[in-house]
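J.: This structure is in structure tokens; I'll ask about it shortly.
The values are calculated or read from the model by the stated rules, or taken from the named source; none is laboratory data. Quick caveat, the model's predicted, so the values are computed rather than measured. For neighbour counting, all protein chains shown are included, and Cβ atoms are generated from backbone atoms with ideal geometry for every residue, glycine included. Surface areas here come from the heavy atoms of the whole protein model, side chains and all, with no ligands, DNA or RNA. Shrake-Rupley method; radii C 1.70, N 1.55, O 1.52, S 1.80 Å.
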Amino acid sequence: MTTYYPTIPTINFEGNTTTNKYAFRHYNADAIVGGKTMKEQLRFAICYWHTMTADGGDPFGAGTMVRNWEGATPMETAHNRVDAFFELLTKLGVELFCFHDADIAPAGDSLEEWFANLDEITDHIKTKMDETGIKLLWNTHNAFSHPRFANGAGSSNKAEVFAYTAAQVKKGIDLSKKLNGTSYVFWGGREGYESLLNTDIKFEQDNIANLWHMAVDYGKEIGHLPQFFVEPKPKEPTTHQYDFDAATTMSFLQAHDLTDYFQLNIEANHATLAGHTFEHELHVARTFNALGSIDANQGNPILGWDTDEFPVDVATVTLAMVEILENGGLPKGGVNFDAKVRRTSIEMDDLVLAHIAGMDTFARGLKNATALLEDKFFENMEAERYASWKGALGQDIRAGKTDLKSLTAWALENGDDITLESNHIEYYQNVFNDYLAK
Ligand code: XUL
Ligand code: CO
């Protein structure tokens with residue numbers, strides 16, 4: 001049997017004193033952390049697009065990657081990629097994956113041909129899934145790369161493009177059923193606008209909601225209703241994307257009666273593009289009971305675009321894992337590495353090393369977050385900061401026993417004695433850092 005990673009062994013846990021670069025330093029799949037195995041807590045997934053199709057090209061130059069799966073025809077390449085992908089998943093011990101329709105099979109010359117190619121390639125994928133026990137976390141449609149989507153997909157100015165997108169969504173849900181996928185993602189792609197001079201926002205947003213309701217109805221009709229996720233992103237490719245951030249997306253879902261079927265897939269680099277932190281977006285999603293899954297990556301703090309780097313920032317990932325643990329995990333989601341190796345990391349084994357780095361960073365985040373929660377680090381600090389709400393006044397307000405008149409009477413009597421206590425935030429930040437050293 002051909003192997004695409006002949007020099008790469010199965011990656012095992014060896015601890016952080018190892019000198020073996022093909023080993024986990026922190027991720028120990030079967031070790032119990034916070035009451036479950038690391039594997040159960042983290043639910044890692046690898047994405048098809050960056051890993052199998054990215055070639056390292058950027059707006060300034062051609063691709064750089066050295067890949068050994070190119071075949072004589074696009075379909076041969078697509079088949080080779082399936083084998084290479086499952087070899088990588090198996091060697092890393094990752095049991096979930098994600099893909100767009102456009103990643104796995106060539107579009108051919110017509111939609112009909114594309115659908116036939118998708119059927120053939122997913123037969124192959126299904127065989128590999130059955131052989132290995134690896135499962136589909138989520139799939140999605142790519143309704144943004146082809147020129148027909150220049151004005152959006154569900155939000156397009158052309159009804160014909162809406163209809164084409166609907167066909168892709170239907171096929172996506174059919175493939176999800178065939179491969180028994182847990183969830184299905186809607187990422188905005190080009191759902192947004194570049195100029196208000198020619199855009200009717202309400203008209204476009206109503207059309208997107210209509211498309212999403214069609215997806216729910218179709219899932220019900222065929223007896224396969226995946227958990228739908230929306231992935232917020234504020235900009236890029238469009239100037240103004242409709243699913244700007246978690247809060248904006250939740251208000252969209254509420255306004256269009258979609259919260260029963262849709263949760264959020266929060267991506268780290270999208271959070272920072274929106275001017276938030278990753279943990280802020282996770283926390284907001286959680287307050288709406290809608291934190292479903294994450295796209296694990298990181299932006300570059302001095303660049304303003306979506307660099308999709310592998311996550312290696314232990315502090316950020318620790319805070320992200322606090323949110324995930326407080327969420328009770330991601331039962332219908334996972335930690336999907338929507339991350340690509342740098343243009344200079346050109347070798348096949350960089351794909352392995354990059355995923356090891358991301359998995360080790362999340363393992364560290366999991367260990368740190370578990371310790372922070374066990375020590376009640378946040379709970380104690382917040383108990384102190386919100387202490388007054390435990391007093392008689394605070395409890396009466398929370399219980400709805402007060403109104404503006406009674407509170408005015410209280411303020412006239414006591415308001416001049418209000419004191420300000422320190423948050424001591426620098427002290428707590430210093431203590432937080434101790435948890436990162438593990
Ligand atoms: C784009 C992005 C997508 C989605 C799936 O920024 O994150 O790859 O995750 O369409
Ligand atoms: Co993403």
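J.: Can you tell me which residues in the range 293-322 are more than 20 Å from Arg364 (Cβ to Cβ), small (Gly, Ala, Ser) and either outside the structural domain of Arg364 (by TED's automatic domain parsing) or within 13 Å of ligand 2 (Cβ to nearest atom) (or both)?
T.: Ser293
So that you can scan it fast, the table gives a plain yes or no per residue for (1) in a helix (DSSP H, G or I); (2) in the same structural domain as Val33 (by TED's automatic domain parsing); (3) not aliphatic (A, V, I, L, M):
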site	(1), (2), (3)
Leu325	yes, yes, no
Lys340	no, yes, yes
Ser345	no, yes, yes
Val352	yes, yes, no
Gly358	yes, yes, yes
Ala383	yes, no, no
Lys401	no, no, yes
Thr408	yes, no, yes
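J.: Please state which one of Phe229, Phe278, Phe244 is open to solvent by 50 Å² or more (accessible area, probe 1.4 Å), within 16 Å of ligand 2 (Cβ to nearest atom) and in the same structural domain as Leu136 (by TED's automatic domain parsing).
T.: Phe244
J.: Then there's this: I'd like the residue in the range 292-306 that is open to solvent by 10 Å² or more (accessible area, probe 1.4 Å) and free of Cβ contacts under 8 Å to residues at least 60 places away in the same chain and, out of all such residues, is nearest to ligand 1 (Cβ to nearest atom).
T.: Filtering first and then ranking leaves Gly299.
J.: Just to be sure before I move on: is Phe203 free of Cβ contacts under 8 Å to residues at least 24 places away in the same chain and among the aromatic types (Phe, Trp, Tyr) in the structure I sent?
T.: For Phe203, the condition - free of Cβ contacts under 8 Å to residues at least 24 places away in the same chain and among the aromatic types (Phe, Trp, Tyr) - is met.
J.: Further question on the same structure: Output the number of residues of the range 141-192 satisfying the condition of being basic (Lys, Arg) and open to solvent by less than 20 Å² (accessible area, probe 1.4 Å).
T.: Here the count works out to 0.
J.: Pick from Gly189, Gly108, Gly152: which is assigned by TED's automatic domain parsing to the domain that holds Thr37 and within 28 Å of Gly358 (Cα to Cα)?
T.: Gly189
J.: If Thr122 passes every condition in (1) surrounded by 22 or more Cβ atoms within 10 Å (Cβ to Cβ); (2) of a type in the set (S, T, N, Q); (3) within 24 Å of Met38 (Cα to Cα) but one, which one does it miss?
T.: (3)
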